Amino acid sequence: MGKIVGGFATSHILFSPTGVEEQADRVADGFLQIRDRIAELKPDAIVLVSADHLNNFTLAVQVTLAVGIADEHTSFGDGGVPVMTFPGHRALGEDLARHAAVRGLDLIQVEEVRPDHGMMIPKYIVDPDNKIPIVPLYVNAAMPIPPSPARCFALGRALKETVDHQRPDDEQIVVLATGGLSHWLCVPGEGDVNAEFDREVIDKIITGNAHQLTRYSTDQVVELAGNGGLEMTAWMVMAGALPNVKGEQLYYEAMPQWITGMGGVALVPEGV
Amino acid sequence: MKTAAYRVHRLIQDLARDGEKAGQFAADMEPFFEAYELAEQEKQLLRSGSREDMIELGIHPNLQMKYMRVSKPPRPAGPSPLQPYLKKLGLE
């Protein structure tokens, strides 16, 4: 049986530091903490959870939940991240899809997907040399009918079960979720940040109480945190994969200048 | 909130995936409006391309950003948004 040795979640953009130099510096420090902690854990693979930004899945084919199962992936090349090819992990992706189906969560399996900035900005910082195999796990937060926080938490549980029971002994997996926190994008309210909601999300996750966030419906999250804030459902996947595990906030900055509540957390199980 | 007819979104998605078509569109929108059978109000709001008009039309937020890019002539790529951080992040 394998083990999830760490879970991390972070916002997935870095905008201009002009006028917000100290906050931007703390955000960048948060990214570096994630990089360094993942390096210490020496994972055999990272399950990278995020929404696509209508670069791969569009309104033509609206994919709710999907897992990358390819031997390698090439990035989309947006957000300032160079186009790069990096190893995937077909077996882990397929095992997850297989076990998730047993659990009533049907994942679309994708061979050809090009992870965009949502995955790639954190991945580029964490693993610029493309050494760690990546399983992209997509959670729709942009197309009309997204999965709920509760659904995503259940997907995280299925991921944990996959690693615990379906993967080889001693395999070590890190879950890295990206997106959020609160932001309103190209809708009325753009520029608002709901620090209260963001801090609740962070607090519940780092105290091992993320299951309490499953009471929020998708509509409630959008109302409280914006259409972009729905990306917190990726954080719910990570939290579901490390149930009851406590951790710490790495950074939180309410940044209207970046139209986003920027946050990052780390969960590391005892004994790791 | 209003949602634009799919024909509008299909146009933007197709332009976002095809740089050559996007360049043609930026030079002359009208043939594309005809090909995608857009309604007159849709054409007017897309010709404007302002944030307010895109919201009024009900264009998906992510596609609004893509439309702002494809509806203008191609420009040389600016500095990467990560540029100010590359040294700190060890990515130089």
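Can you give the helix-only mean residue ellipticity at 222 nm for chain B, where every DSSP H stretch with n ≥ 4 adds -39500 (n - 2.57) and the sum goes over all residues, rounded to the nearest 500 deg cm²/dmol?
-16000 deg cm²/dmol
Which whole-number percent gives the relative contact order of the stretch A:52-107, counting Cα pairs below 8 Å spaced six or more residues apart?
For the stretch A:52-107, the relative contact order is 31 percent.
In debye, nearest 20, what is the charge dipole magnitude of the stretch A:1-89 about its Cα centre with +1 on Lys and Arg Cβ and -1 on Asp and Glu Cβ, if you could check?
My answer is approximately 260 debye.
Among A:128, A:57, A:110, whose Cα lies farthest out toward the positive end of the dipole of the stretch A:48-176, if unit charges sit on the beta carbon of Lys, Arg (+1) and Asp, Glu (-1)?
A:57
Once phi is turned into ³J(HN,Hα) by the Karplus curve 6.51 cos²θ - 1.76 cosθ + 1.60 with θ = phi - 60°, what whole-Hz value does each residue of the stretch A:194-210 show in order, with x for glycine and proline?
Karplus-based 3J(HN,Hα) across the stretch A:194-210 equals 9, 5, 4, 5, 4, 5, 5, 4, 4, 4, 4, 5, 6, 9, x, 10, 4 Hz.
Based on Cβ point charges of +1 for Lys and Arg and -1 for Asp and Glu, what charge dipole magnitude is obtained for the protein assembly as shown about its Cα centre, in debye rounded to the nearest 20?
180
Which pairs, out of A:131/B:87; A:131/A:204; A:246/B:87; A:131/B:66, put more than 27 Å between their alpha-carbon atoms?
Beyond 27 Å: A:131/A:204; A:246/B:87; A:131/B:66.
Find how many whole Å separate the alpha carbon centroid of the stretch A:84-157 from the alpha carbon centroid of the stretch B:47-66.
29
Using a Gaussian network model of chain A with C-alpha springs under 10 Å, which one of A:153, A:15, A:31 is most mobile by mean-square fluctuation?
A:15
Once phi is turned into ³J(HN,Hα) by the Karplus curve 6.51 cos²θ - 1.76 cosθ + 1.60 with θ = phi - 60°, what whole-Hz value does each residue of the stretch B:2-16 show in order, with x for glycine and proline?
5, 10, 5, 4, 4, 4, 5, 5, 5, 4, 5, 4, 5, 5, 5
Under 5 Å between amide H atoms, partner at least 5 residues away or on a different chain: which partners does residue A:72 have, H built in plane at 1.01 Å?
A:88
In a Gaussian network model over chain A where Cα atoms closer than 10 Å are linked, find which of A:223, A:40, A:94 has the largest mean-square fluctuation.
So, out of A:223, A:40, A:94, the one fluctuating most is A:40.
Taking chain A as a Gaussian network, where each spring joins two C-alpha atoms under 10 Å apart, which residue of A:221, A:139, A:110 fluctuates the most?
The residue with the greatest mean-square fluctuation here is A:110.
If you take the beta carbon distance between residue B:87 and residue A:62 as r and set R0 to 51 Å, what does 1/(1 + (r/R0)^6) give as a FRET efficiency, to the nearest 0.05?
Numbers: r = 40 Å, r/R0 = 0.79.
Given R0 = 51 Å and the Cβ-Cβ separation, E is 0.80.
Would you list, by chain and number, the lysines whose Cα falls below 24 Å from the Cα of residue B:72, excluding same-chain residues fewer than 8 positions away?
Straight-distance partners of residue B:72: B:21, B:43.
For the stretch A:171-272, what's the relative contact order in percent, using C-alpha pairs closer than 8 Å and at least 6 residues apart?
Details: 187 pairs, mean separation 39.1, N = 102.
Taking the mean separation of contacting Cα pairs over the length of the stretch A:171-272, I get 38 percent.
Just so you know, all these numbers are worked out from the coordinates, no wet-lab data involved. Everything numeric here is computed off the predicted structure, so don't read it as measured data. Don't worry about glycine lacking a Cβ; one is built from the backbone with ideal geometry, like all the others, and counts go over all protein chains shown.
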